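To start, the structure under review is shown below, and the notes come after it.
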Amino acid sequence: TITQTPDGWVVRGQAIERAASMTYWEHYDSVRRFQRILETLGVEQALRQAGVQNGDTVIIGEFELEWQD
């Protein structure tokens, strides 16, 4: 599920939260892999349809990301 809050866009789902927790955010290839997972699971498209904009905060589990096109 995707919900807009004052803190940002909150994405919830077992698969995407697990993928976020297993991502090594300091490694470029790991981040690229996570981006592919966002696409595969349809999260990227759902966020776009919900109205996410460049610079918005996206919260997945314990992680906060800055949305960039």
Please go through the stretch 13-69 and pick out each residue that is in contact with a helix residue (DSSP H, G or I) (Cβ under 8 Å, 6 or more places away or on another chain) and among the hydroxyl-bearing types (Ser, Thr, Tyr).
Thr23, Tyr24
Of residues in the stretch 23-61 being of a type in the set (Phe, Trp, Tyr) and open to solvent by 100 Å² or more (accessible area, probe 1.4 Å), the one farthest from Val10 (Cα to Cα)
Tyr28
I'd like to verify a number: residues in the stretch 36-60 that are farther than 11 Å from Ile2 by Cβ and either modelled with pLDDT under 95 or of a type in the set (Val, Ile, Thr) (or both), how many?
3
Qualifying positions in the stretch 1-22 - under 13 Å from Glu62 (Cβ atoms), exposed (fewer than 15 other Cβ atoms within 10 Å of the Cβ) and either touching a residue at least 60 places away in the same chain (Cβ under 8 Å) or among the aliphatic types (A, V, I, L, M) (or both):
Met22
Among the listed residues Glu26, Glu39, Glu64, Glu17, identify the single one that is out of contact with any Lys or Arg (no Cβ under 8 Å at 6 or more places or on another chain), of a type in the set (Asp, Glu) and part of a strand (DSSP E or B).
Glu64
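The values are calculated or read from the model by the stated rules, or taken from the named source; none is laboratory data. The shown structure was predicted, so the numbers you read here are calculated from the model rather than taken from an experiment. Cβ sites come from the backbone with ideal geometry, for glycine too, and all protein chains shown count toward neighbours. Areas reflect the complete protein model, heavy atoms only, side chains present, ligands, DNA and RNA absent. Shrake-Rupley method; radii C 1.70, N 1.55, O 1.52, S 1.80 Å.
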